[in-house]
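Peer 1: So that we are looking at the same thing, I have put the structure below in C-alpha cells.
The values are calculated or read from the model by the stated rules, or taken from the named source; none is laboratory data. Because the structure is predicted, anything quoted here is derived from the model rather than measured. Please note: Cβ atoms are built from the backbone with ideal geometry, for glycine as well, and neighbour counts cover all protein chains shown.
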Amino acid sequence: MSIESPIIKFQNVDKFYGEFQALKDISIEVQPSERMVICGPSGSGKSTLIRCINGLENHNYGQIIVNGIELFEGSKELIRLRQEIGMVFQQFNLFPHLTVLENLTIGPIKVRKISKVQAEIVARKYLDRVHIPEQAEKYPSELSGGQQQRVAIARSLCMESKILLFDEPTSALDPEMINEVLDVMVELADTGMTMVCVTHEMGFARKVADTMVFMDEGRIIEVAPPDKFFSKPDSVRCREFLDQILEH
Amino acid sequence: MKGDAAPSLKILPLRRTSAINHFLSSTPVSVFIYCLIVSCILYSSFRGAQSMGYNWQWYQIPKYIYSYTDEGFQFGELMLGLWTTITLSFTAFFLALIIGFWVALLRLSGLFIGTKIAICFLEFVRNVPLLVLVYLFYYVLGPVFKYDRYTASILCLAVYHSALISEILRAGINAVVQGQWEAAKSIGMSKMQTYIYIILPQSVRFLLPPMTGEVVHMVKSSAIVSVIAVAELTTLGQNIISDTYMAFEIWFTIAIIYMIVIMILSIGASQVEKRYTVTN
Ligand SMILES: Nc1ncnc2c1ncn2[C@@H]1O[C@H](COP(=O)(O)OP(=O)(O)O)[C@@H](O)[C@H]1O
Ligand SMILES: [Mg+2]
C-alpha cells in the first residue's frame, strides 16, 4: 500500500518462555502513521508481541526492526529507541510516589534532559489534551481509574514518541470509564501517530483501525482492513472469535 | 466420628493458652512481673557485691561523664568514648549502606558472575564470627594496606553490616511491583535511573523499619572493636576499671548510656516511620 519503509517490522519471529512457545513465526509490518488493532483470545500472545516492539521482552529467533534499529538482547540502542516508543499498560503503572505532573515530567527531565520549566509546559499541554488539566498536583491514588489511564497516556505523549503501544488499556477499567479513555485514543489516532493497540473494543477498532490483526495460539491468523475483517474474515477461528465478543 | 473428635481436641488447648496469654499480657500483671524481675536482679547483684565485700563508689562516676571546674564545663572520659562510638557507628553505617547497595545490585543483576560473587561475599561474611573479622581486618589486612586501628574497625563493621543491609535492600527492592520497572523502561530510563527515581523512593517505607533496626544493631556491635583498643565507650570503660577497680559502677553506667542512646535512636526512627506511612 505504502512505498515508505515500515516503522515496525517483524520477520519470522519466535519467542519462548522456557519450553513454551508464545510467538510462532510472526511476520508483520507497520507503516508510519498506521493504526493497527490486535485482538485474539486470552493467552494468544498479544501482550508478548507488543512487548517485543519496545524490548520489554526479547525474541529468540527472527528479526525485529523498529524505527530503523534492529532489536536484540542487551542492545545499547534500546534505551534510545524506547524514547521513541510510548507504552500504555492495562494496569496504568503510574509512579505512585510522584504527583501527576511529576509522573509526566520525570521522563523528559531525567531521560531527555529537558529543563524542568520546559517539561512542565509540555506536560500541561498534554494534560489538557487528555482533558484533566486540573489534576496536575494530585497523586495517582487520588484519581479514578479512567483518569489514571489518561495520565498514563499523557505520560507517553510527553516523551514526544513516534509510536504508541497500548496493551488492553481499558480492560482494568469500570465500564463507565471506558469511553473517556477511548475518546482520548480516538483523538490521538486523528493526529497521525503510529499506534499499535491490543484491545477488544471493536467499536473503537472500527472507528480508527487501518489494519486489524487476529492472533491465536502464538500465531497471526488474519490481517485485514476493518471492512473485510468484520464482514468476511478468511479464517473460521477469527469468525468464531468475533461472533463471540460481538454477541455481548 | 474420628473426624469430628480431632478438631475439637485441637481447639481446646489453643483456647487455654490464649486465656493464659490474655491474663499475662494485661497491664497490671505485666507491670507486676516486670517490677518483680527487675528488683530480683538488682537485689541479687547488690547482695552479691556485698558478700564479696565490694566497696561501692558511685560518687566517683559523675566525673567520668562531665566535670565542672574553674576552666569551665568539660565532658568526661565516658562521654568522649560515647562520641567515638557514635561517629564510628555512623561512618561504618554509611559505608555499609554503599557496600550493601552494590552487593544487592550485583545479586539482582541477573548476571551469572555477579550473582555468584554477591552470594560468596554474603556467605563469607555471614559465616565468620564478627570477632574473627575484627582480627582479620586489623592484624592481617591492617599491616598489608597500612591503615590504623580506627580505620580497621570502621571497615570491619561496615563489611559485616553491609551483608545484612544488602539483604534488607534486596527485599525492599523486590517489594516494588514489576509494572514500575516496565513503566520506567518504557519511558527510556536506564537501570540506574530506575533505581534512583522510581524503585528506591518506593522501597523506603519497606526499608525503613529494618534499617533503623540495623543502626541500633551497629551501635551495639561497635563495642566489639574494644578488642583492638579503639578508644570507644567500651574500651574507655575497661581502661577506667583497670585503673580504679570500679567494675560494677562502670559497667552499669555504660549499659545505661548505651540504653539511652539506643532508646533515643528508636524514638527518632519511629517518628520517621510514621511520617513515611502517612505520605504514601
Ligand atoms: N513471563 C512469562 N513466563 C512464562 N510464560 C508467559 C510469560 N508471559 C506470558 N506467558 C505465556 O505466554 C502466553 C501468551 O501470553 P500473553 O502474550 O500475555 O497473551 P495475551 O496478552 O494474548 O493474553 C500465555 O500462555 C502465557 O501464559
Ligand atoms: Mg495480555
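Peer 1: So residue B:189 clears everything in (1) more than 13 Å from chain A (Cβ to nearest Cβ); (2) out of contact with any Asp or Glu (no Cβ under 9 Å at 6 or more places or on another chain); (3) crowded, with 20+ Cβ neighbours inside 10 Å except one condition, right? Which one?
Peer 2: Residue B:189 satisfies all of (1) more than 13 Å from chain A (Cβ to nearest Cβ); (2) out of contact with any Asp or Glu (no Cβ under 9 Å at 6 or more places or on another chain); (3) crowded, with 20+ Cβ neighbours inside 10 Å except (1).
Peer 1: So how many residues does the stretch A:188-208 have that are in a loop (DSSP other than H, G, I, E, B) and in contact with a Cys (Cβ under 8 Å, 6 or more places away or on another chain)?
Peer 2: From the stretch A:188-208, those in a loop (DSSP other than H, G, I, E, B) are A:190-193, A:199-201; that's our starting set.
Of the ones still in play, those that are also in contact with a Cys (Cβ under 8 Å, 6 or more places away or on another chain) are A:199-200.
So the answer is 2.
Peer 1: Further question on the same structure: Of all the helices (runs of 4 or more DSSP H) wholly in the stretch B:105-193, which have at least 1 residues that are in contact (Cβ under 8 Å) with a residue 24 or more places away in the chain?
Peer 2: B:112-127, B:130-135, B:149-174
Peer 1: Something else about it: Would you tally the residues in the stretch B:161-173 being out of contact with any Leu (no Cβ under 8 Å at 6 or more places or on another chain) and either within 14 Å of another protein chain (Cβ to nearest Cβ) or not hydrophobic (A, V, I, L, M, F, W, C) (or both)?
Peer 2: The total comes to 1.
Peer 1: Still on this structure, I have one more. Give just the number: which of (1) within 28 Å of residue A:240 (Cα to Cα); (2) assigned to a strand (DSSP E or B); (3) within 14 Å of chain B (Cβ to nearest Cβ) does residue A:27 not satisfy?
Peer 2: Every listed condition holds for residue A:27 apart from (3).
Peer 1: Right, next: Collect the residues in the stretch A:190-236 that are crowded, with 19+ Cβ neighbours inside 10 Å, charged (D, E, K, R) and more than 24 Å from residue A:89 (Cβ to Cβ), keeping them in residue-number order.
Peer 2: A:222
Peer 1: Continuing with this model, one more query. What do you reckon, is residue A:5 more than 16 Å from ligand 2 (Cβ to nearest atom), exposed (fewer than 15 other Cβ atoms within 10 Å of the Cβ) and within 12 Å of residue A:219 (Cβ to Cβ)?
Peer 2: no
Quick grid of which residues meet (1) over 14 Å from residue A:221 (Cα atoms); (2) near ligand 1 (Cβ under 7 Å from one of its atoms):
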residue	(1), (2)
A:16	yes, no
A:19	yes, no
A:23	no, no
A:29	yes, no
A:32	yes, no
A:35	yes, no
A:38	no, no
A:46	no, yes
A:50	yes, no
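Peer 1: Let me ask another. With the structure loaded, tell me whether residue B:182 is away from chain A (no Cβ under 14 Å) and acidic (Asp, Glu) or whether it fails that test.
Peer 2: So residue B:182 does not fit the description; no.
Peer 1: Here are B:201, B:209: which of them is surrounded by fewer than 21 Cβ atoms within 10 Å (Cβ to Cβ) and out of contact with any helix residue (DSSP H, G or I) (no Cβ under 9 Å at 6 or more places or on another chain)?
Peer 2: Testing whether each residue is surrounded by fewer than 21 Cβ atoms within 10 Å (Cβ to Cβ) and out of contact with any helix residue (DSSP H, G or I) (no Cβ under 9 Å at 6 or more places or on another chain) leaves just B:201.
Peer 1: Against the conditions (1) modelled with pLDDT of 85 or more; (2) farther than 30 Å from residue B:173 by Cβ; (3) surrounded by 18 or more Cβ atoms within 10 Å (Cβ to Cβ), where does residue B:236 fall short? Just the number, please.
Peer 2: Here residue B:236 clears every test but (1).
Peer 1: How many residues are more than 13 Å from chain B (Cβ to nearest Cβ) and closer than 22 Å to residue A:183 by Cβ when one looks only at the stretch A:92-108? I'd like the intermediate steps shown before the answer.
Peer 2: First, the residues of the stretch A:92-108 that are more than 13 Å from chain B (Cβ to nearest Cβ): A:100-101.
Those still in the list that are closer than 22 Å to residue A:183 by Cβ too: A:100.
Matching residues across the stretch A:92-108 total 1.
Peer 1: While we're looking at this one, here's another question. Hey, can you tell me all the residues within the stretch A:49-76 that are farther than 20 Å from residue A:162 by Cβ and within 13 Å of chain B (Cβ to nearest Cβ)?
Peer 2: A:57, A:58, A:73, A:74
Peer 1: Here's something else I'd like to know. Pick out the one residue from A:88, A:111 that is within 8 Å of another protein chain (Cβ to nearest Cβ) and either touching a residue at least 60 places away in the same chain (Cβ under 8 Å) or within 29 Å of residue A:55 (Cβ to Cβ) (or both).
Peer 2: Numbers: A:88 fails: within 8 Å of another protein chain (Cβ to nearest Cβ).
Exactly one of A:88, A:111 is within 8 Å of another protein chain (Cβ to nearest Cβ) and either touching a residue at least 60 places away in the same chain (Cβ under 8 Å) or within 29 Å of residue A:55 (Cβ to Cβ) (or both), namely A:111.
Peer 1: Could you check, for the stretch A:209-225, whether at least one of its residues is assigned to a helix (DSSP H, G or I) and either more than 16 Å from ligand 1 (Cβ to nearest atom) or within 14 Å of another protein chain (Cβ to nearest Cβ) (or both)?
Peer 2: The answer is no; no qualifying residue exists.
Peer 1: Scan (1) touching a residue at least 24 places away in the same chain (Cβ under 8 Å); (2) more than 14 Å from chain A (Cβ to nearest Cβ) for the single condition residue B:203 breaks and write down its number.
Peer 2: (2)
Peer 1: Please verify whether the stretch A:131-138 includes one or more residues that are away from chain B (no Cβ under 13 Å), more than 16 Å from ligand 2 (Cβ to nearest atom) and within 30 Å of residue A:239 (Cα to Cα).
Peer 2: no
Peer 1: Among the candidates A:174, A:167, A:183, which residue alone is on the phi < 0 side of the Ramachandran plot and within 16 Å of ligand 2 (Cβ to nearest atom)?
Peer 2: Working: A:174 fails: within 16 Å of ligand 2 (Cβ to nearest atom); A:183 fails: within 16 Å of ligand 2 (Cβ to nearest atom).
The conditions single out A:167.
Peer 1: For the stretch A:38-66, give me the residue count where each residue is surrounded by fewer than 19 Cβ atoms within 10 Å (Cβ to Cβ) and either at positive phi or within 9 Å of ligand 2 (Cβ to nearest atom) (or both).
Peer 2: Matching residues across the stretch A:38-66 total 3.
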